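The values are calculated or read from the model by the stated rules, or taken from the named source; none is laboratory data. These numbers come from a predicted model, not from an experiment. Don't worry about glycine lacking a Cβ; one is built from the backbone with ideal geometry, like all the others, and counts go over all protein chains shown. Side chains are part of the model used for accessible areas, which takes the heavy atoms of the whole protein and leaves out ligands, DNA and RNA. Shrake-Rupley method; radii C 1.70, N 1.55, O 1.52, S 1.80 Å.
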Amino acid sequence: MAIDTVGVVGAGAMGSGIIEVVARNGLKVVAREISPEAVEAGKTRVEGSLEKAVSRGKLDEADRAATLANIVWTTDFDELAPSDLVIEAVVENLDLKAEIFKALDSVLDADAIMATNTSSIPIIDIAMATSRPEMVCGIHFFNPATVMKLVEVISTQRTSPEVISVVTDFATNVLGKRVVPAPDRAGFVVNALLIPYICQAIAMFEAGHASAEDIDAAMQLGCGHPMGPLTLADMIGLDVCLFTEESLHAEYQERFLAPPPLLRRMVSAGKLGRKSGEGFYTY
Ligand code: CAA
């Protein structure tokens, strides 16, 4: 199972980061989005991040050009057919993901690996939408995917050990990430720790315990975190934080995992963080 061509379905915040990471490491990427407008938005994200990498001295002009040349953008699902590995990174909706995996099942070769970047949907539920759940696993990147050095690789009760070994080798030796194997449980390892922490910070803010700026400064300066929890929540997206905390609550039934009311109200109000222009801060 050699991986030469990687398909990525979805070019939002996570998908575009994954497209960039794979293409920067010299592989061909087929990047599929739903509409020409979504393709344009994905391209703009990748180009913006490459621009930042060049301006920070992380990439030279030749490598930027080579990265862009490695990416084929398409709205046509059938163009994913030559992929050895497809990584799905669309919104957190099981019905949509199941539909995509069914379609992948019908276009990909028998030995192609299908992976999801979901952060909170049980991967076995996605895998069982295909006729080959042994070829399905989770590969969970962190935002921004170009900078964050971790990838969680998730095996379900059906995933073949060979698939896990190929994906782990790919993430480690081709993408240069540190892999942490994780079980198919809500939150895997990172989000099971991170999202309850963020929700505690939101509850603290809601209770008037401290201002948003002070909570963030406290964790940044007191614990050496690169950003405080409310700034990070805005970066992740408050809808994603809510969905993940709800998944943790549903899975473990612990009261402390119930999402804080303020988080629900902000999501209902369309205050989703950076992507909507307003969250705990304005952008
Ligand atoms: N390409 C390559 N390198 C880049 C880059 C890019 N597009 N953008 C930034 N960098 C590099 C910078 O050059 C810098 O490298 P050095 O330290 O070697 O100089 C480093 O990344 C940090 O960059 P900056 O200091 O300029 O800060 P920034 O504002 O650009 O980015 C940050 C800051 C990387 C986002 C940092 O604040 C951070 O690490 N925050 C925490 C992010 C985090 O926790 N992410 C996980 C979220 S959870 C998740 O994603 C999972 C989920 O399912 C919800």
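Below are the figures for this structure:
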read-out: Loop-resident sites, segment 131-192, for GluC sites (Glu not before Pro), counting at most 14 other Cβ within 10 Å (DSSP); value: none
read-out: Counting all C-alpha pairs of segment 26-108, share separated by more than 20 Å (%); value: 42 percent
read-out: GNM top mover of CYS137, CYS223, CYS241 - the chain, alpha-carbon springs below 10 Å; value: CYS223
read-out: Where Rh is the Kirkwood radius over Cα pairs, Rg/Rh for segment 5-183; value: 0.94
read-out: Accessible area of segment 112-263 belonging to carbon and sulfur atoms, whole % at 1.4 Å probe; value: 59 percent
read-out: For segment 190-275, alpha-carbon Rg and Dmax in angstrom; value: 12.2, 34
read-out: Accessible area of ASP63 in the full protein assembly, 1.4 Å probe (Å², nearest 10); value: 80 Å²
read-out: Rounded FRET efficiency, nearest 0.05, which uses the C-beta distance separating ALA66 from ARG255 and R0 of 45 Å; value: 0.30
read-out: Span-like helix ranges in the chain, DSSP H, alpha carbon extent 15 angstrom or more, Kyte mean at least 0.0; value: 13-24, 94-107, 190-206, 212-223, 238-252
read-out: GNM result for the chain, Cα springs below 10 Å: residue of ILE19, ILE87, ILE198 fluctuating most strongly; value: ILE198
read-out: All-pairs Cα distance distribution in segment 72-171, expressed in whole percent, bin size 5 Å; value: 2, 13, 25, 26, 21, 11, 2, 0
read-out: Radius 11 Å from Cβ of THR116, net charge of other residues (Lys, Arg +1; Asp, Glu -1); value: -3
read-out: 4 °C / 1.567 mPa s Stokes-Einstein diffusion coefficient of segment 1-63, Kirkwood radius on C-alpha pairs, µm²/s; value: 107 µm²/s
read-out: Spherically averaged projected area of segment 211-253 from its Cα convex hull (nm²); value: 3.6 nm²
read-out: Percent breakdown of C-alpha pair distances by 5 Å bin, ordered from the shortest bin, for segment 102-227; value: 2, 10, 17, 18, 16, 12, 8, 7, 6, 4, 1, 0
read-out: Gyration tensor (Cα) of segment 116-171, equivalent ellipsoid semi-axes in angstrom; value: 21, 14, 7
read-out: Neighbourhood net charge (14 Å Cβ-Cβ; Lys/Arg +1, Asp/Glu -1) for GLU88; value: -3
read-out: Residues with amide H under 5 Å from that of GLY7, placed H, sequence gap 5 or more; value: VAL30, ASP84, LEU85, VAL86, ILE87
